[in-house]
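To start, the structure under review is shown below, and the notes come after it.
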Amino acid sequence: MKKVILLALCFALVSSLAFSAKFSPTLLKLSAAPTVQYDFTGKPLEIPVTVSGTNALVWFFVYTKDQAAKIAPVQNGFMGWHYVSKIDTCVFMSAPFNFSKGSNTVTWNGKDQDGGIVPAGTYTYYMWAYDAMGAKTPVCKFMYLYYQTAQYQELDTSGKPLANPIFYNKTQRWIIGNDPADSTLIETCAVTLPTGWAKGDNLWMDQKDFNYVFQGVKNSEAQTMGITRWKWTPNGDAVQVTDFGEDGYALFNSQCDSHSPIINSDSNYLYTADQGYHNPDGVSNFYIFDFAGTKIAELDMMEWWADPADLEGNGQMIGGPDTQDIRNGMVFLNCHCSCLNQMVDPMAWLDSGDTVDFYKWSNSNGDYVLDHNSSPTDPKPWVCNDYNIGPYKYNISPDANLFSIVPSYDMGAVSFGMLAPDGTGVGYLAYAGETAGFKLGSAFIDSGTPFDGIYTDNNSIGGTEVVVYTTNETRGTWFIGHDSIKGVLTSNPVSVEEAAPAAFAVAQNSPNPFNPTTTINFTIPEASNVTVDIFNVAGQKIDTVASDFMSAGSHSVTWNASTYSAGVYFYTVKSGSFSKTMKMTLLK
């Protein structure tokens with residue numbers, strides 16, 4: 001009888017382990033030559049590209065290079081939908097390539113979007129990819145994106161990628177890599193405001209000290225909005241920092257529309273905005289505060305976000321913005337109630353005082369990507385500021401190369417609209433298994449972490465229909481593979497060093513020692529099958545990190561050792577006839 005009980009306990013333990021696993025995604029990665037020589041005569045160009053991790057839908061772009069200073073403000077296109085200022089711009093955008101894992105080829109005929117031969121010179125090329133065919137991976141079954149109520153912290157306070165990014169909202173934190181089904185791993189903290197004050201839609205972690213957060217607030221009776229700073233108390237109550245701003249509040253006058261201010265920041269300043277899209281006399285302002293709570297600058301954005309013609313056309317006077325995100329110092333703005341999407345540069349505006357340097361690009365009605373009332377049957381033709389029609393855009397998120405995605409609800413079985421680095425509309429895209437259900441949010445982690453990719457709500461990948469604004473919401477966040485790379489196209493002679501690496505090389509893993517993830521960087525002189533294997537001190541192979549055909553050039557892979565014991569390990573990189581083994585140390 002004792003043996004039976006013991007066997008039952010052992011089986012229960014094994015079963016629990018089998019159904020409990022940390023989140024460890026398969027990353028999608030692209031690899032191509034960093035510099036490509038091309039004579040720009042209009043003959044076909046072929047660029048070898050290696051896809052690893054998952055299959056991929058890939059777009060190819062050609063952009064001007066180092067011409068931003070010469071590009072004065074330009075607004076053109078149908079209905080003037082596209083505005084750019086002091087930013088390199090798109091020359092060519094391909095249709096998507098459907099690539100499988102392994103060796104593939106991007107082809108280009110050397111012509112621009114209008115069919116003319118692109119002049120000889122030097123250009124930037126981009127490739128952008130996501131997994132449109134594979135199954136999604138659960139990240140966390142208890143927290144989700146909606147109206148930017150949740151954020152991702154990808155970098156540490158020194159600006160280096162976190163081994164495990166932090167997913168957080170107004171009351172919770174989640175370490176990405178945790179078991180998606182283990183609710184006990186959620187860390188909570190409550191921000192409680194005095195009577196008369198309401199919390200904003202998001203928290204923003206203090207980029208200088210993760211023990212502190214910034215909370216947007218509003219006081220409708222006082223017609224005031226602002227920012228507060230709090231000490232985050234794990235599984236406790238947050239404590240307000242009273243020497244921030246004036247008596248704990250960094251405020252600005254506001255008509256206090258339905259949403260409190262969204263906050264984001266870099267290591268320089270805090271950024272926020274207000275809007276009044278429910279009010280014909282509303283405002284649209286952008287604010288910059290320092291980390292002490294002092295207002296540094298205020299910019300009236302009504303020239304972009306207000307339109308009397310829309311009000312006369314049975315839309316709204318004000319279109320936002322009420323959502324925003326930040327990457328590489330650029331702030332991205334949009335609103336569910338407007339066709340407008342925008343990228344701005346706050347630091348350039350502070351340096352020059354000229355709004356020409358602030359507004360980098362704007363994408364509004366006219367290109368049929370994220371447009372409002374663009375159908376011939378719409379009763380309010382081309383009215384941009386309209387919160388009664390889709391696409392309802394509940395957030396905007398840029399990747400490392402400043403491609404941005406916007407969830408697009410009420411557009412059928414599509415997941416998001418995509419915009420290129422100068423705001424060029426790429427189109428509407430869908431995750432595998434997409435439905436016409438609610439689209440709460442999609443966002444990038446893209447800082448060189450072991451978890452880089454797209455993160456989206458449960459419903460956007462075909463989950464149970466969400467009943468918004470009730471307690472019946474189906475929660476959850478899921479992962480989809482994504483990558484984007486850039487290189488140089490040039491008619492100038494390319495040296496051997498630029499065209500391909502001269503030798504096989506394997507770098508020391510970083511970080512080392514590590515816990516639990518580390519990155520292995522290596523360079524191969526020619527395209528070949530590559531394996532990266534992990535061995536213990538007894539010489540036994542315990543894991544294979546990579547086994548793919550890869551193109552010549554530099555590559556990186558990440559080993560997640562969360563299931564292994566502390567100690568010394570070895571990694572071996574093999575490429576064709578080349579092989580090298582190096583030692584690393586795992587700490588626990």
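The values are calculated or read from the model by the stated rules, or taken from the named source; none is laboratory data. Note that the coordinates shown come from a computational prediction; the quantities given were computed from them, not determined experimentally. Positions of Cβ are backbone-derived with ideal geometry, glycine not excepted, and every protein chain shown enters the neighbour counts. To get the accessible areas, we keep the full protein, side chains included, count just its heavy atoms, and leave off ligands, DNA and RNA. Shrake-Rupley method; radii C 1.70, N 1.55, O 1.52, S 1.80 Å.
Structure summary
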quantity	calculated
DSSP beta bridge pairing in the chain, given as percent antiparallel to the nearest 5	95 percent
Net length gained if the chain between TYR564 and VAL239 were fully extended (0.36 nm per residue, minus Cα distance)	113.2 nm
Residues whose placed amide H lies under 5 Å from that of VAL106, excluding near-sequence neighbours	ILE47, VAL49
Cross-link partners of LYS111 among aspartates and glutamates (Cα-Cα below 13 Å; sequence separation of 8 or more within a chain)	ASP39
Cβ-based net charge around TRP349, under 13 Å, with every Lys or Arg adding one and every Asp or Glu removing one	-4
Over the stretch 491-587, relative contact order from alpha-carbon pairs under 8 Å, at least 6 apart, %	30 percent
Label-point gap, in nm, between SER103 and GLU246 - each point 7 angstrom along Cα→Cβ	6.9 nm
Cross-link pairs LYS65/LYS360; LYS295/LYS360; LYS22/LYS486 - those with Cα-Cα distance over 20 Å	LYS295/LYS360; LYS22/LYS486
Sum of -39500 (n - 2.57) over DSSP H runs of 4+, divided by residues of the chain (222 nm, nearest 500)	-1500 deg cm²/dmol
Percent RCO, i.e. relative contact order, over the stretch 375-461, from Cα pairs under 8 Å lying at least 6 residues apart	23 percent
Cα→Cβ-extended label distance, 7 Å offset, between THR137 and THR41, nm	4.6 nm
Nearby aspartates and glutamates by direct alpha-carbon distance to LYS218 (threshold 18 angstrom, same-chain neighbours under 8 apart not counted)	ASP201, GLU246, ASP247, ASP257, ASP274, GLU298, ASP322
Ordering of 132-145, 535-548, 41-54 by packing [mean C-beta count within 10 Å, highest first]	132-145, 41-54, 535-548
From phi via Karplus (6.51, -1.76, 1.60), per-residue ³J(HN,Hα) for the stretch 403-420 in Hz, x at Gly/Pro	6, 10, 10, 9, x, 10, 7, 6, 10, x, 7, 10, 9, 7, x, 10, 10, 7
Surface share of carbon and sulfur [accessible, 1.4 angstrom probe, percent] for the stretch 206-312	43 percent
Over 18 Å between alpha carbons, listed pairs LYS208/LYS231; LYS136/LYS439; LYS141/LYS588; LYS170/LYS393	LYS141/LYS588; LYS170/LYS393
Fully extended contour minus Cα-Cα distance, from ASN529 to THR544, at 0.36 nm per residue	4.0 nm
Surface per residue (accessible, 1.4 Å probe) for the stretch 211-325, Å²	39 Å²
Estimated FRET transfer efficiency when R0 is 22 angstrom, pair THR294-ASP209 (beta carbons, to 0.05)	0.75
Per-residue ³J(HN,Hα) for the stretch 318-326, Karplus 6.51 cos²θ - 1.76 cosθ + 1.60, θ = phi - 60°, Hz, x for Gly and Pro	10, x, x, x, 10, 9, 7, 8, 9
J(HN,Hα) series, the stretch 110-120, from Karplus relation 6.51 cos²θ - 1.76 cosθ + 1.60, nearest Hz, glycine and proline x	x, 10, 8, 5, 9, x, x, 6, 5, x, 4
For VAL545, residues with placed amide H under 5 Å, excluding near neighbours	VAL532, ASP533, ILE534
Pair THR377, ASN279: separation of 7 Å Cα→Cβ label points (nm)	3.8 nm
Part-to-part distance (alpha-carbon centres) for the stretch 348-401 and the stretch 271-321, which is given in Å	14 Å
Relative contact order for the chain, counting Cα pairs under 8 Å that sit 6 or more residues apart, in percent	14 percent
Full-stretch length increase - ASP156, TYR269 - with 0.36 nm per residue and alpha-carbon distance subtracted	39.0 nm
Set of lysines with alpha-carbon distance to LYS583 below 18 Å, sequence-local pairs under 8 removed	LYS541, LYS574
The stretch 345-410, accessible surface, carbon-and-sulfur percent (1.4 angstrom probe)	49 percent
